[in-house]
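Enquirer: Right, I'll just put the structure down here and ask away after.
The values are calculated or read from the model by the stated rules, or taken from the named source; none is laboratory data. Since we're looking at a predicted model, the values are computed, not measured. A quick note on method: Cβ atoms are made from the backbone with ideal geometry, for glycine too, and the neighbour counts reach across all protein chains shown.
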Amino acid sequence: MFDIEKIKLIKSLLYKSKDIGGCFAELDNYLQANMVSEVVEEFDNIKHDYHLMLDFIGRGFKDPKREDIYTSLLYRLDRLIDNIRIKINISEVEVYRNAATRASLYSSDFDSIKHSLENFVTDLALIGLEPEGNREEKSRLVYQKHQKDLDGLFNQILVSSLWGESEYSFYSDLLTSPIIDSADAQLLISAITISCLNVFDFFKFKTLIKVASLSSDIHIHARSLVGWVLSLPVEKTFYDDQISETVKLYLTDDNAYSEIIDLQKQIFYCMNVDSDIKKIETDIMPNLTQNSNLNITRFGISEKESDTLNDILHSGEEEEKIEKAEASFRKMMDMQKQGSDIFFGGFAKMKSFPFFQTVSNWFMPFYSEHPEIVSLIKDPKDKQIFSRILEINPFCSSDKYSFMLALSSVIRTIPAEMKELLGSSSSMAGGVVDIDQNAPSFIRRSYLQDLFRFYRIYRFSSSFVNPFSDNGRLKHYLFIIHRVFRGIDALYLGYLDLAKFLYKNKSYKNAEILLDNIDALKFSKADRFNFYMLAGLVDEIQDLPFATSKFEKALEIDEHSEKTLKCLARNSFNNGKYEDAYSYSQKLVEYYPNNKSHEIYFCLTSLYNEHVEEGVQRLFKLNFEYPEDTTVMRVLAWGLMLQQKVEQAQSYYDTLVADKSGISAEDLINRGYSLWIQGKMPEAIQSFKSYFELKKVTKPKSLILSIFHKDKNLLYLNHVTDIDMNIMSDLLA
């Protein structure tokens, strides 16, 4: 067994200390204990060159290039360590070992690779010249050989040692060449990405970013863009400055910025798949499955023929069912339009076919001539059905293969009427959504879904570095905060938009991390205001102590801002800073008169200061103007209890709890207080118990004591003691 953690530690120490001599000693010991024969010769060469330099300097010669030479040796040693890691993977990990075996059957000569890919395009063109009876068989043989070659090349890249300038030059030219097939280039980009994710390789990374820059093929561009973004190294490397420069060169226009921000949102949707599945299973599917007498078609939801007598007796029920089903269906379609992966839950169960035991198949763009599926369906009508379904439904390539493999086993048993339906425009629910499957954003999303399925479902996925998981230091999927993006000011407005997106999707921790990485001073005045407001809201939701200071900074920019004053009043009140809450509410009433909600909140803050009398008087006036407003009643009743006018307070609470449709559980607690203070114990106990029933509380003692403690100032004011509270809690228990 190789000690993989030890070699990672040696790499880390080399980067931190830059101590070549110290690293030699560590590596000597490691290589003696772990025979990695493939790297011994290169290691000896590095040591030889280093000792030559030492000898030269030791003799007193001045070498103006000694730092350059030392740095180049650092790079060589760093590459050697990473190549050791790759060799260990091939030796120790089954999936890499299998990949290396498959790769060994394919020539790695650049000319052979280029000719193989170019000849495939030529061979396809020549099939059209064959006699018609020979074309199908000729096509099958061409695709069969080519898929085998592609798999070999895919695996060769997957387990390849770190690249140099020659590989970078060859593959960047090859993958942007118009004379190789687009699907071939896409597959090889995936191989480069996975290889670079497993062990970072600057020249593989550089290849991906160059292809993304140069390719005019939207599919190739999308894969290479996703590839270089996900491949950004978590650990600091000797190449960091070069990576930063490369990224800055890539981000030279507005389209590149918007693509990056959009990609970050799409990755978030991938990560959110579990909550999306739960939402579909609990909120959406029940309404669809319960209404089994409904047809879901491309043109909406319609009713099947039903029992005539039932229609007469319950004429409104079916319309209500249709409305519920349509509402649920629209929810799911809206989720898909926004970017949610609504198909993951279903297709995750359809990846056990032998087809998916081959790693390269997970990333092969869908084509019906794939040798492992081409023979599944013979009937031209059945092929038409498949073609129609896949045309309508926005599946990723992996799911298209799953669908074809699953349905091919039952297609012969499907009745003719059902086949006709499947082949029509109303084939499947997914087709209801009008999505442009040639749009760059859809192509990126589809590829991300292919990647996500591989890392989530493939049985050996734990052998790979997963870009969609938390590695303990940085979440790859929140790539936008990576160190290489620091200082790129043009991205900042995109950061703000992204933070709003995360806030809207309740990803508050990620929003906080993102906002913490923003220098607000780089924004315009208006955007700086929005930044502080958003940052305050995010902190407030997470109960962090920084919210107030951020709202205050927003108020410095716009001292009359209604929403900022509201946030500060609420935040101050919730944190027990009642005088501050009163002050902010007072400004709201002053700046925005004749606003009932501001007036009510100002009255509430008055009750928690030395302004109870003022607050109650204002509340009486509001109650006169708005006698049906239950919020005014609640605040007024609370104020009256603070004035020890509990009988008057009880009358308002009696009115509030009498309205069963709008009853608030807290009204029952407060009514219980008013009765308890008056000594009406049976009624008070019943009011508290009604609260427990409404809240479905099974263990009331600890809960009611915490409620009493929260309201202890009111209770103390009305001569209710701690002993009284304990007795009441036991009576209720």
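Enquirer: Being of a type in the set (Phe, Trp, Tyr) and at pLDDT 85 or above is the filter here, so list the residues in region 332-383 that pass it.
Expert: PHE353, PHE355, PHE356, TRP362, PHE363, PHE366, TYR367
Enquirer: List the helices (runs of 4 or more DSSP H) that sit entirely inside region 94-177 and contain at least 3 residues that are over 40 Å from the mean Cα position of the chain (by Cα). It would help to see each step written out before you state the result.
Expert: Values: elements: 94-103, 110-127, 132-158, 165-175.
Once the helices (runs of 4 or more DSSP H) in region 94-177 are filtered for at least 3 residues that are over 40 Å from the mean Cα position of the chain (by Cα), what remains is 110-127, 132-158.
Enquirer: Going through region 229-271 one residue at a time, which ones are buried (at least 21 other Cβ atoms within 10 Å of the Cβ) and within 23 Å of ILE81 (Cβ to Cβ)?
Expert: Within region 229-271, LEU230, SER231, ILE243 meet the criteria.
Enquirer: Answer with yes or no whether ILE260 is β-branched (Val, Ile, Thr), touching a residue at least 24 places away in the same chain (Cβ under 8 Å), in a helix (DSSP H, G or I) and not assigned by TED's automatic domain parsing to the domain that holds SER161.
Expert: Values: β-branched (Val, Ile, Thr): yes; touching a residue at least 24 places away in the same chain (Cβ under 8 Å): yes; in a helix (DSSP H, G or I): yes; not assigned by TED's automatic domain parsing to the domain that holds SER161: yes.
So ILE260 passes the test.
Enquirer: Next question. Residues LEU675, LEU642, LEU636: which one is closer than 16 Å to LEU717 by Cβ, surrounded by 13 or more Cβ atoms within 10 Å (Cβ to Cβ) and in contact (Cβ under 8 Å) with a residue 12 or more places away in the chain?
Expert: LEU642
Enquirer: On to the next question. Please pick out the residue among LEU555, LEU568, LEU604 that is in contact (Cβ under 8 Å) with a residue 12 or more places away in the chain, out of contact with any strand residue (DSSP E or B) (no Cβ under 7 Å at 6 or more places or on another chain) and either acidic (Asp, Glu) or under 17 Å from ALA637 (Cβ atoms) (or both).
Expert: The conditions single out LEU604.
Enquirer: Can I ask one more? Could you list, in sequence order, the residues of region 158-191 that are in contact with a Ser or Thr (Cβ under 7 Å, 6 or more places away or on another chain) and closer than 24 Å to GLU5 by Cα?
Expert: LEU158, SER160 - these are the residues of region 158-191 that are in contact with a Ser or Thr (Cβ under 7 Å, 6 or more places away or on another chain) and closer than 24 Å to GLU5 by Cα.
Enquirer: For region 670-677, indicate whether the set of residues that are aromatic (Phe, Trp, Tyr) and either outside the structural domain of LYS696 (by TED's automatic domain parsing) or in contact with a Cys (Cβ under 6 Å, 6 or more places away or on another chain) (or both) is non-empty. Lay out the reasoning, then the answer.
Expert: Of all residues in region 670-677, those aromatic (Phe, Trp, Tyr) come to 673, 676.
Checking the rest, the ones that are also either outside the structural domain of LYS696 (by TED's automatic domain parsing) or in contact with a Cys (Cβ under 6 Å, 6 or more places away or on another chain) (or both) come to none.
Within region 670-677 (the criterion being aromatic (Phe, Trp, Tyr) and either outside the structural domain of LYS696 (by TED's automatic domain parsing) or in contact with a Cys (Cβ under 6 Å, 6 or more places away or on another chain) (or both)), the answer is no, since none of the residues qualifies.
Enquirer: Let me ask something else. Which one is farthest from GLN147 (Cα to Cα) among residues in region 102-120 that are touching a residue at least 24 places away in the same chain (Cβ under 8 Å), surrounded by fewer than 18 Cβ atoms within 10 Å (Cβ to Cβ) and in contact with a helix residue (DSSP H, G or I) (Cβ under 9 Å, 6 or more places away or on another chain)? Spell out the reasoning first.
Expert: Applying the first criterion (touching a residue at least 24 places away in the same chain (Cβ under 8 Å)) to region 102-120 yields 102-103, 105-106, 108, 110, 113-114, 116-118, 120.
If we keep only those that are surrounded by fewer than 18 Cβ atoms within 10 Å (Cβ to Cβ) as well, we get 105, 108, 110, 114, 118.
Restricting the remaining residues to those that are in contact with a helix residue (DSSP H, G or I) (Cβ under 9 Å, 6 or more places away or on another chain) gives 105, 108, 110, 114.
Values: LEU105: 13, SER108: 16, PHE110: 18, LYS114: 15 Å.
Ranking the candidates gives PHE110 first.
Enquirer: Something else: Cβ contacts < 9 Å: first residue within 15 Å of SER161 (Cα to Cα), restricted to region 62-82; second residue among the polar types (S, T, N, Q), any location; separation 6+ or different chain. Result?
Expert: Listed pairs, sorted by first residue: ARG76/ASN45; ASP78/THR237; ARG79/SER161; ASP82/SER161.
Enquirer: Tell me which residues, restricted to region 529-548, are among the charged types (D, E, K, R) and crowded, with 20+ Cβ neighbours inside 10 Å.
Expert: ASP539, GLU540
Enquirer: A further question on this structure: Any idea which of (1) touching a Leu at 6+ places or on another chain (Cβ under 8 Å); (2) in a helix (DSSP H, G or I); (3) of a type outside the set (Gly, Ala, Ser) is the one GLU614 doesn't satisfy?
Expert: (1)
Enquirer: Looking at the structure I just gave you, is ALA665 over 42 Å from the mean Cα position of the chain (by Cα) and either surrounded by fewer than 16 Cβ atoms within 10 Å (Cβ to Cβ) or not aromatic (Phe, Trp, Tyr) (or both)?
Expert: No; evaluated as a whole, the condition is false for this residue.
Enquirer: Just a yes or no: is a residue in region 122-142 surrounded by 15 or more Cβ atoms within 10 Å (Cβ to Cβ) and out of contact with any helix residue (DSSP H, G or I) (no Cβ under 7 Å at 6 or more places or on another chain)?
Expert: Scanning region 122-142, I find no residue that is surrounded by 15 or more Cβ atoms within 10 Å (Cβ to Cβ) and out of contact with any helix residue (DSSP H, G or I) (no Cβ under 7 Å at 6 or more places or on another chain), so the answer is no.
Enquirer: Any idea which of SER408, SER402, SER398, SER387 is surrounded by 12 or more Cβ atoms within 10 Å (Cβ to Cβ) and over 23 Å from TYR447 (Cα atoms)? Step through it out loud before you land on a result.
Expert: On the way: SER402 fails: over 23 Å from TYR447 (Cα atoms); SER398 fails: over 23 Å from TYR447 (Cα atoms); SER387 fails: over 23 Å from TYR447 (Cα atoms).
Only one candidate qualifies: SER408.
Enquirer: Let me ask something else. Consider region 178-207. How many of its residues are surrounded by 20 or more Cβ atoms within 10 Å (Cβ to Cβ), free of Cβ contacts under 8 Å to residues at least 40 places away in the same chain and in a loop (DSSP other than H, G, I, E, B)?
Expert: Matching residues across region 178-207 total 0.
Enquirer: If I filter region 713-727 down to residues being touching a residue at least 12 places away in the same chain (Cβ under 8 Å) and under 19 Å from TRP638 (Cβ atoms), which single residue comes out as surrounded by the most Cβ atoms within 10 Å (Cβ to Cβ)?
Expert: LEU715
A quick yes/no check of all residues on (1) among the aliphatic types (A, V, I, L, M); (2) crowded, with 17+ Cβ neighbours inside 10 Å:
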position: PHE2; (1), (2): no, yes
position: LEU13; (1), (2): yes, no
position: SER17; (1), (2): no, no
position: PHE24; (1), (2): no, no
position: HIS48; (1), (2): no, no
position: PHE61; (1), (2): no, no
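Enquirer: Look through ALA511, ALA547, ALA520 and report the one residue that is in contact with a Lys or Arg (Cβ under 7 Å, 6 or more places away or on another chain) and not aromatic (Phe, Trp, Tyr).
Expert: ALA520
Enquirer: Consider only pairs whose beta carbons are under 7 Å apart and that are at least six residues apart or on different chains; among these, list those whose first residue lies in region 242-254 and is farther than 12 Å from VAL484 by Cα and whose second residue is among the aromatic types (Phe, Trp, Tyr).
Expert: Listed pairs, sorted by first residue: none to list.
Enquirer: If I filter region 84-97 for residues that are under 23 Å from ALA191 (Cα atoms), without any contact (Cβ under 8 Å) to a residue 12 or more places away in the chain and either in the same structural domain as SER160 (by TED's automatic domain parsing) or of a type in the set (D, E, K, R) (or both), do I get at least one hit?
Expert: Checking region 84-97: at least one residue is under 23 Å from ALA191 (Cα atoms), without any contact (Cβ under 8 Å) to a residue 12 or more places away in the chain and either in the same structural domain as SER160 (by TED's automatic domain parsing) or of a type in the set (D, E, K, R) (or both).
Enquirer: Additional query: Is it the case that some residue within region 586-600 is modelled with pLDDT of 95 or more, buried (at least 20 other Cβ atoms within 10 Å of the Cβ) and either over 27 Å from THR655 (Cα atoms) or hydroxyl-bearing (Ser, Thr, Tyr) (or both)?
Expert: The answer is yes; a qualifying residue exists.
Enquirer: Same structure again: Go through the residues of region 586-593 one by one and say whether even a single one is β-branched (Val, Ile, Thr) and either assigned by TED's automatic domain parsing to the domain that holds ASP654 or more than 22 Å from TYR673 (Cα to Cα) (or both).
Expert: First, pick out the residues of region 586-593 that are β-branched (Val, Ile, Thr): 589.
Now restrict to residues that are either assigned by TED's automatic domain parsing to the domain that holds ASP654 or more than 22 Å from TYR673 (Cα to Cα) (or both): 589.
Yes: region 586-593 contains one or more residues that are β-branched (Val, Ile, Thr) and either assigned by TED's automatic domain parsing to the domain that holds ASP654 or more than 22 Å from TYR673 (Cα to Cα) (or both).
Enquirer: Quickly run through region 653-671 and pick out the residues that are hydroxyl-bearing (Ser, Thr, Tyr) and part of a helix (DSSP H, G or I).
Expert: Residues satisfying the conditions are TYR653, THR655, SER661.
Enquirer: Right, here's the next one. Out of LEU478, LEU502, LEU515, report the one residue that is among the aliphatic types (A, V, I, L, M), buried (at least 20 other Cβ atoms within 10 Å of the Cβ) and under 21 Å from LEU555 (Cβ atoms).
Expert: LEU515 is the lone residue from the list that is among the aliphatic types (A, V, I, L, M), buried (at least 20 other Cβ atoms within 10 Å of the Cβ) and under 21 Å from LEU555 (Cβ atoms).
Enquirer: OK, next. One residue is enough: does region 392-403 have a residue meeting the conditions under 18 Å from TYR143 (Cβ atoms), out of contact with any Cys (no Cβ under 9 Å at 6 or more places or on another chain) and part of a loop (DSSP other than H, G, I, E, B)?
Expert: No, region 392-403 contains no residue that is under 18 Å from TYR143 (Cβ atoms), out of contact with any Cys (no Cβ under 9 Å at 6 or more places or on another chain) and part of a loop (DSSP other than H, G, I, E, B).
Enquirer: Being surrounded by 19 or more Cβ atoms within 10 Å (Cβ to Cβ) and either within 23 Å of ASN609 (Cα to Cα) or more than 30 Å from the chain's Cα centre (by Cα) (or both) is the filter here; which residues of region 549-574 pass it?
Expert: Of everything in region 549-574, those that are surrounded by 19 or more Cβ atoms within 10 Å (Cβ to Cβ) and either within 23 Å of ASN609 (Cα to Cα) or more than 30 Å from the chain's Cα centre (by Cα) (or both) turn out to be PHE551, LEU555, THR564, LEU565, CYS567, LEU568, ALA569, ASN571, SER572, PHE573.
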